Each structure stands twice: as structure tokens, then as C-alpha cells.
Amino acid sequence: MQQPHRYDHTAVEQRAQRAWREADVFATPDDATDPTYVLGMFPYPSGELHMGHVRNYTITDAFARFERMQGNEVLHPMGWDAFGLPAENAAIERETNPREWTLECIERMRGQLHDLGFGYDWRREVTTCDPGYYRWNQWLFKHLYENGLVDRREATVNWCPSCETVLADEQVEGEDEHCWRCGTLVEQRDLDQWFLRITEYAEELLEGIDDLDEWPANVREMQRNWIGRQDGATVEFVIEGEPVEVFTTRLDTVVGATFFALAPGHSLTSTLVADDPELGSEIDDLKARIDSSAEDEEKRGVFTGAYAKNPATGEEIPVYVADFVLADVGTGALMGVPGHDERDHEFAEKYDIEIRQVIAPEREAGNGDGENADSDGDGANGIEDTDGIDVNDAAFTADGVLVNSGEYSGLDSASAREQLIADIESAAAHTQYRLRDWLISRQRYWGTPIPMVECPDCGYVPIPDERLPVTLPEFVPTTGNPLEADEVKSWRETDCPDCGGSARRETDTMDTFVDSSWYYLRYISPDLDELPFDTERASDWMPVDHYVGGIEHAVLHLLYSRFVTRALSDLDMLSVEEPFEHYLAQGMVQLDGETMSKSTGNVVSPQRIVDEYGADTARLFILSAAQPETAFDWTEEGVESSHGFLARLHGVIGTIADGKGGIDDADNTAGSDARDGADTGDVHEYVEREIDATIVSATEEYEDFRFNRAVREIRSLVGLLAQYRDYADSDRAIVERGLVTVVKALGPIAPHLCEELWDRLDGEGLLAEAAWPTPNEDTDGYDRERRLIENTREDVRHIVDVAGIDDPEHVEIVVAPAWKHRALEIALGADAEENVIGAIMANEEIRAQGDAAAEYGQDLAAERRSLSPALSAGREEATLRRATWLIEREFDATVTVRAGDDAEEDTASNAKPGRPAIDIEA
RNA sequence: GCGAGGGUGGCCGAGCCAGGUCAAAGGCGGCGGGCUUAAGACCCGCUCACGUAGGUGUUCAUGCGUUCGAAUCGCAUCCCUCGCACCA
């Protein structure tokens, strides 16, 4: 129709952004009371925002804006995970230094975040490479140290040869063990390193998962797996007079232990082979095999010549050193039970070790599973009561009933375990975790210096708080650790805080995951000088209410953060134990089904989209393409469709606001156009109710982060408003209310355009600060009304189609008579045993309907269990009346709605509550 | 191997937790109509089968089962995705 106003997104965006900035809309005052804390994982400043970031921050921004409009105080900050190895490489490549490079990247990305219209409280911005931030990493380290949660010890650790640094276990991925950052295969090295003792919290962290009911199930499961709790027992086997402890989850099989195995790295191993050089070199071979990332190769072992005394039987069993025994699992030694452990079985077969059955399947009545019951059970090796199992073929690994175990025979596995713990002197119940301590040393420059000095006299001494931060010296481009370079010798040389003698600074820096393990606390009081965060305020504002970010951090960042939060809580720094109440793992952004990634080159540049279509289009497309947690494909068509919608909305509101639009003057008087049956008042009410219904459902969708559904609701309201505006007697006030609703409800998603349109519609103040729309009327039952209208319209179409009516003249819609509604109510209220027909016929008015009543009663009785309540006859009639204009427009026919009681008998008899009778005249 | 999550109409994807209002939302693609000189954009319908009055039949991986009633609950099987894995 009218010339659409040109939609100059760049101008619109700049205007809106300036307005927000000037009004300081997104600031969270320090005296806020428990604001809604909405947080996206802060980015590593690589220099360029990618679509994953855009998706992440669009989600948090839309939600934060929604919360603000709901009248809640909101904390929505942003910062930079600014330390990390890539900056060192980039600095060397570009002949600059990591600091400058990083700050430039931050500058650029901050600009991009601005351009996208994300509303952050920039006064709370944190940058982890800033000494004002990382001094608190050092402070935290020191306080953990003082509380016994820091350890320096020699260990076999993961070394990435490409990054030239060690890595924590969590940062090594996959079966092939590659570096999480660069993908290089890691190696093992024995080094003295700093650890945070996260294992102290293993049980707490595990139990805490149960309460994280707003986390995705898979993330919770991944954390459970990672912590890997195992309940079992420790028990000692004596080897040449030396007790050696093993851990086992199957103490019930101890009688079946026919060999003993040590890890090549076990301390006893070297003792046992000390005076046998040949044996020693064989074991060195084994060690070498383990180091060379042993795939699923055959297990190998070496018999040491020694014997271990089985604590349950007193039997002497051979001691092997075996490559499948890992030094860092359990105690680095194990009892071999070939009959009931697949791995031990394989080993025993190879070295011809006795395989003994001590567990039989529990016989249950009706266990018809013949699988093991009839497999040549008579070939059994003279052992009775083995229930047909032959452990020579394969280990039987399930729990069962003990056999061949002397006094323990007949006990079930669980009871046997308890009994054995009680009976064997050296045995004790023990719980073991797979979780390892968090190795935080990094042999890199661009990280937080670990605030320790090594004094020849006092050993390692922490640097006192008042001398923090330990700042980084100038960057020296070099291979290896730049902090070990000659050029920074003067930085390394220092004095001992304890004795004042000359000492050497620790040259390892911290894992950058330390930085991110508490940054969400620093936002709460970013300028505080005395402490990392204000305890009182943090206890009020925490936990983060909604945390959004990639699932790749399921066991890294998210686990470390949980640990640090608990540790801080135990230091009385914080009164919450879990940092993130609701965690939303956003899905991938894909292109042609492939994850967008720089390495493969299939990326869409956010910058290009913003330039070409505008930030609002990008945001709208991203949020309408899929639910936040599922992956979606980026498509140009989708982007264009989103852009088209915004441009149309812009056009529609432009024409209306300018008063030259397609609607009549607001004060037109209705009724002159005497359409049969369609009272214009009903039409208006219909639209009003649809506006209300849209508000209610959009609100619900927002609350659940289902922006895609909210968008659908809003778009369909726009469609309705367009139809209504074309309707001859539309009411300008209602159109405006509809548009205001659309603008408000879409505001969190496409904030710039909506801010502009809000202004055009003469909205007061800024949309970003406006109140969320509320329905005019109680929307109870609107669902049923919508369904009734939709069903009825579909039925009309259906009839027209199936009956082949070319040009319907008149549509008569007849609501079921009141007595049928009453009958339905009675049927619904009837007790299960009650006779429905009887109950209905007890009503005099219904009984008066004679055969019709009996017939309908039978219908009700037949369907009694699937009956659902309907609108009252009067409401049904009113609802349909409000919708007649839609049918009139669609078929260009007149439409009448009648109450069943006033209509002709024939027609009315077809009507049921919720299902009006329809009569169409051609 | 262990664990978790899944398998829905041509495709994508809701529904499943709280069984009936589900032939099953929405989008895409396809078809028809409107608008238009035409195309595009946009708007309105249709899109499992049969059917000249809103009907009937057969569907939600497969097979059993529970129930008056199952896409939804249970069991088994097959397949897919992800995580962990020589873990004692």
C-alpha cells in the first residue's frame, strides 16, 4: 500500500544506542537488592566476535531486557578472559607483546558488542590480564594455600609440546589424549607442579550435582562421570614381608584372586627388581609402552618371582608388573581376579594363570534367560553350584552369590563385601574418586604469576597480601617459558618474605581457568580494593540466576567454578555454595549442518550481517531459528525473512504514526455498515482478546527462554493487526494498542528498531525502561476460545472444500443449546460408578428434551472418560460472534451466529458444546 | 564396554515429564488462490489416504504389554548422538 518508510538500520541502531547510553539504562546500582543475575560466559579476546558469541550474548541480552521490563533489577555484566597462550603467539607473529595485542582485541570486540546492542553495565567490566584483577587470583591462591588447598608436588603430568606447558587432566581430551586448545597429542612428564586440591571437595561437588536441577541432564552426568566416585575397600597383600595396599570394588571376589599386579611405576616395583638387571630392563620396556600412548594393545606383564599373600586365604599368589596397571589409579597395585574381571581374565589367559570361579549368578525364580544356563553347563570343572557359568571362557563380572569361598559361600556379593571388610584385619571400606587435583602451573608468560618465592633456606614462601600483585615483567619472545629467559632475571631475583635472604620467584603462571573460576564474583564489586569481592553484597546477589554458554566447559570451567565457590564459602567469604542456579547450554551455530569453525572456513561473519542487515535482524534470526539449546543452521533465507519482517513492521508503524495510514479516524462510529451478524464491537473485542492472549503466552515463553515461540506469537499478532487494520471499521486505539504490544514484546529481541517504533508511537521514555505489557482482562479460558474459533474456521473450510461449494453465500453457525452444556457439566461431575444417563435425566429441563436428550446422553456416556469441559453456551456464542468477521473476509459470505435455543431444531441438533453446527448456503 | 540423551508426517522440529482437547504446533519445501501488465515480495489456504457437509481409515523406530483409551507409561530389540573409558 503506502510507500514503506525506508528502514535505515544503521541510523536506527545508532540513535537507540546513544539514547541508552545517555540514560545509563543498563547500570546496576550497588545498592540493588538481589538483582536478577544474567550472565554469558565471558569471551577470550581473539579480536573477532563469532556467531557463537552472538548467539550466546543475544540470549542473555534478550532475557536481561525482558527481566528489566518486568520491573526487576538486573545485573548483566561483561568482561574478558584475557590471559592465554594465543596472545603470546600472536604477539610474536606481529612483533608486539601480548598485553598490547590483547588490549587491541578487547577494544575491537567491545565495539562489536556495542554494535549488536547488548546492554551491559560496562562500569563493571573486568579484564583478567589487568593487575587489578589478577592480584585477586594471587590473593585467592594464597588463601587457598593457607587453608591447605594448595600443594606443590612431583607428579606425572600432561605436557603439550606445542603449547610448551603442562595441562590439567580436564584439559586433555579424547582417547588419543590431545590438548584442548591446540589438538596436539600430549606427553607425560614427571615435574614439580602446583595443584589446587579440588579432590578435597570431590564428595561435595558430587552431592551438589543433585541440587542443580536447572542444569541440563547431560552436563550433570558428565560431571558425575568426571568425579567418578567408586565405593569399595582397601586391603593389604603382603609381599616379601611388605604390606602393599590395593583398592577394589569387588572384595567379594578376593578368594578368587590368583595373581597380583603392580604398576611399573609403583615404588615396590623398583625394589623387587633391584638386583635383577634383566627384569629391570623388561620393566623399562613396559613403562615405555605406556608412555607411547598404548592403544588397545595386548596386555603385557613380567613375573617378578615374588609372591603375595592373599589376606583372605593366606595363599601365595604370583606378583607381576603389568602395563595395564596405572600408577595413578587406585593405589597403583591390584589383585587379579581372572574369573570375574575381563581385564584380569585376558591377562591370566596370556600368562597361564589359574582362573577360579568364586561368584555364581544369583538364581531368581523365573529367570528364563537361558543364555548362560544351558551353555554346556556339564563341562564344568568339577566345581559345583556354578550355575552353568564357565569362567574359563569369559569372566563373569556381575554381582551374584559366592561359591568356592569357604565360610563365605552362599553369601550374596554385597553381604560378602561387608563381611570381608569386618573379617580381614587390613581391609577397610574406602571410597575413591577419579577426579584428580587441579594442576594449575603453566610454563607460560601470559598468565597470573604464582605468588610464591623459593628461598634456599625457607623453601617455598607465599608473598604477603600487601605485596601483591606480583606483576608480569616485560614480554620476551622466546621458546620455552619467557619468565625463565635471561632478560627477566632481575624480575626473578627477589628476597624472601620470611628471612629476607635472596630468593627466586616462581616462574610458573596460573592456568587461565583460575581467572574464570571466580570472575562472576568480581562483577559484583569490580573496584573493591581490599578484597576480591564484597562478601555481603555477593551473598545477596549470588548465585548467578541464569548462566548461558557453550557446553564445551561442562567439566572445565563449570567444575572449577563450583569448586572455588565452595572453597570461598568455607573461607567464610560467601554464603552460597553453588555459583550457577540455572545453566543453559546454548547450541551450535552451523552452516550446512557443519559447526562453524575458522579452520574449515565455513563461517558467517557477524560483522557482515550487522552491516548488511543490522543488529536487530541478526538477533531476531538467531532467536527465532531454534530453541537456545539446540543447534541450528544459519541460512541466508532465514536472515532475509527476519529482516523482511522488521522492515514491514517498520513500514506499518511508520504509516500509522504519520496518520496517513490505512486506518480511519479513531472516532469513526461503528454500526453504519450493517453486515449481517457481525457487530463491529465484537470484532474489536476479538482483536483485544488476541492482544491479551499474545501477551500472556509471549510472557510465558520468555520466562522459559523460548524466544522462538515468543516470536511466533508476536508475528501472528502482527498478521492479525494487519487484517484488522484493513477492516473497514477498525478502531485506531486498538490497532495502536496492538502495535504497542508488538513493539514491547519484541523489544528484548530487536531492541533498536523497537526503541525507534516506540518513539514513533509516542511511548513515554525509553522502551528499554518501559513496563512489560499486561493483558486488559483476565485471560482465563482464552485457550479454549482460540481453539473453538480455529476449529470452527477449519470446519467451515472443510465443508466448503469437501462439499464442493464454489461460492458460499451465507454461513450459519449454531451453538449447542444450553441444555446440552448443562448435560455435559453433569456428566463431567458424575462419579465413576454413577450412571451418566441417569444423572442427566434427573434434570428436569433436560428430560423435557425427550429423545434428543436420551440420544445425547448416550453419546456422553460412551465418551464419559474423555470428556473435557467446554465454554458455557453464552460464552461460546459470544466467542464465535467475535470471530465472524474473519470468516466473512475469508469466504466473502455473510455469517450468522445463533444460540441453539433460538435456532431451527434440525441444525441445532448437530451442535455439541465446543462444536457448533454449521450450515452453509451456496 | 559403562553412562546420558534421542529416533515424530518430504525435510527441520514441537509435543512425551503431568495418557484423552493429537492426523499431531511452527518453519522450510511443494501445490492452489489473492495482489500484480508480469515476476518477485507480501497475504490467504492446502500439503497421510479415501470422501459432493465438518466423516472414515491408517500413522509418531520395531515388537510386546499396562489402560476404557498410548506419540505420551512399562519391558525388550534395533539404530543415532554425546560423554567417559586398560578406573582395579
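Descriptive notes on the structure:
Yes or no, residue by residue, for (1) assigned to a loop (DSSP other than H, G, I, E, B); (2) modelled with pLDDT of 65 or more; (3) out of contact with any Ser or Thr (no Cβ under 7 Å at 6 or more places or on another chain); (4) not small (Gly, Ala, Ser):
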residue	(1), (2), (3), (4)
A:642	no, yes, no, no
A:647	no, yes, yes, no
A:663	yes, no, no, yes
A:671	yes, no, no, no
A:689	no, yes, yes, yes
A:692	no, yes, no, yes
A:699	no, yes, yes, yes
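- Among the residues making up region A:680-734, those that are within 13 Å of RNA strand B (Cβ to nearest atom) and farther than 30 Å from residue A:622 by Cα are A:726, A:727.
- Looking only at region A:114-151, and only at residues there that are part of a strand (DSSP E or B) and modelled with pLDDT of 95 or more, the one that is farthest from the chain's Cα centre (by Cα): A:150
- For region A:441-471, residues that are surrounded by 16 or more Cβ atoms within 10 Å (Cβ to Cβ) and outside any strand (DSSP E or B) total 12.
- Being surrounded by fewer than 22 Cβ atoms within 10 Å (Cβ to Cβ), assigned to a loop (DSSP other than H, G, I, E, B), of a type in the set (Asp, Glu) and more than 39 Å from the chain's Cα centre (by Cα) is a property that holds for residue A:425.
- One residue stands out among those in region A:225-259 that are on the phi > 0 side of the Ramachandran plot and of a type outside the set (Asp, Glu): the one that is surrounded by the most Cβ atoms within 10 Å (Cβ to Cβ), which is A:228.
- In region A:545-562, the count of residues that are in contact (Cβ under 8 Å) with a residue 12 or more places away in the chain, closer than 26 Å to residue A:434 by Cα and among the β-branched types (Val, Ile, Thr) is one or more.
- Among the candidates A:53, A:76, residue that is of a type outside the set (Phe, Trp, Tyr), within 20 Å of the chain's Cα centre (by Cα), modelled with pLDDT of 95 or more and not assigned by TED's automatic domain parsing to the domain that holds residue A:755: A:76
- Residues in region A:59-100 that are crowded, with 19+ Cβ neighbours inside 10 Å and of a type in the set (Asp, Glu): 4 in all.
- The residue of region A:143-157 that is nearest to RNA strand B (Cβ to nearest atom), among those that are more than 15 Å from residue A:508 (Cβ to Cβ) and in contact with a helix residue (DSSP H, G or I) (Cβ under 7 Å, 6 or more places away or on another chain), is A:149.
- For region A:686-740, a residue qualifies if it is crowded, with 22+ Cβ neighbours inside 10 Å, among the small types (Gly, Ala, Ser) and under 18 Å from residue A:882 (Cβ atoms), and the qualifying residues are A:730, A:738.
- Residue list for region A:443-470, restricted to those being at pLDDT 95 or above and over 18 Å from residue A:493 (Cα atoms): A:446, A:447
- Subset of region A:891-922 that is part of a helix (DSSP H, G or I) and either touching a residue at least 24 places away in the same chain (Cβ under 8 Å) or within 12 Å of RNA strand B (Cβ to nearest atom) (or both) - its residue that is surrounded by the fewest Cβ atoms within 10 Å (Cβ to Cβ): A:906
- Put simply, of A:794, A:777, A:790, A:764 the only residue that is loosely packed, with under 14 Cβ neighbours inside 10 Å and touching a Lys or Arg at 6+ places or on another chain (Cβ under 9 Å) is A:777.
- When the criteria are applied in full, residue A:490 fails the requirement of being in contact (Cβ under 8 Å) with a residue 24 or more places away in the chain and small (Gly, Ala, Ser).
- Considering residues of region A:818-843 that are among the small types (Gly, Ala, Ser) and farther than 15 Å from residue A:873 by Cβ only, the residue farthest from the chain's Cα centre (by Cα): A:842
- Residues in region A:324-344 that are near RNA strand B (Cβ under 7 Å from one of its atoms) and surrounded by 24 or more Cβ atoms within 10 Å (Cβ to Cβ) were compared, and the one that is nearest to the chain's Cα centre (by Cα) is A:325.
Conditions tested, residue by residue: (1) in the same structural domain as residue A:655 (by TED's automatic domain parsing); (2) among the small types (Gly, Ala, Ser); (3) part of a helix (DSSP H, G or I); (4) more than 22 Å from residue A:21 (Cβ to Cβ).
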{"position": "A:742", "(1), (2), (3), (4)": "yes, no, yes, yes"}
{"position": "A:756", "(1), (2), (3), (4)": "yes, no, yes, no"}
{"position": "A:759", "(1), (2), (3), (4)": "yes, no, yes, no"}
{"position": "A:790", "(1), (2), (3), (4)": "no, no, yes, yes"}
{"position": "A:793", "(1), (2), (3), (4)": "no, no, yes, yes"}
{"position": "A:825", "(1), (2), (3), (4)": "no, no, yes, yes"}
{"position": "A:838", "(1), (2), (3), (4)": "no, yes, yes, yes"}
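- Residues of region A:798-818 that are under 17 Å from residue A:911 (Cα atoms) and without any contact (Cβ under 8 Å) to a residue 60 or more places away in the chain: A:798 alone.
- Top-ranked residue in region A:166-181 [being assigned to a loop (DSSP other than H, G, I, E, B) and either under 24 Å from the mean Cα position of the chain (by Cα) or without any contact (Cβ under 8 Å) to a residue 60 or more places away in the chain (or both); ranked as farthest from RNA strand B (Cβ to nearest atom)]: A:181
- Residue within region A:556-565 that is among the hydroxyl-bearing types (Ser, Thr, Tyr) and more than 16 Å from RNA strand B (Cβ to nearest atom) present: yes
- Strands (runs of 3 or more DSSP E) wholly inside region A:530-635 that include at least 1 residues being more than 16 Å from residue A:50 (Cα to Cα): A:544-549, A:580-585
- Residue list for region A:842-880, restricted to those being out of contact with any Lys or Arg (no Cβ under 8 Å at 6 or more places or on another chain), in a loop (DSSP other than H, G, I, E, B) and more than 17 Å from residue A:830 (Cα to Cα): A:848, A:849, A:850, A:872
- Scanning region A:627-645 for residues that are farther than 14 Å from residue A:614 by Cα and hydrophobic (A, V, I, L, M, F, W, C), we see that the one that is surrounded by the fewest Cβ atoms within 10 Å (Cβ to Cβ) is A:631.
- Members of region A:472-491 that are of a type in the set (Ser, Thr, Tyr) and loosely packed, with under 12 Cβ neighbours inside 10 Å: A:479, A:490
- For region A:898-922, the set of residues classified as within 19 Å of residue A:809 (Cβ to Cβ) and touching a His at 6+ places or on another chain (Cβ under 6 Å) consists of A:921 only.
- Residue check for residue A:258: more than 15 Å from residue A:323 (Cβ to Cβ), hydroxyl-bearing (Ser, Thr, Tyr), at pLDDT below 90 and more than 9 Å from RNA strand B (Cβ to nearest atom): no
The values are calculated or read from the model by the stated rules, or taken from the named source; none is laboratory data. As the structure is a computational prediction, the values presented were derived from the model and not from experiment. Cβ coordinates were reconstructed from backbone atoms using ideal geometry, including for glycine residues, and neighbour counts include every protein chain displayed.
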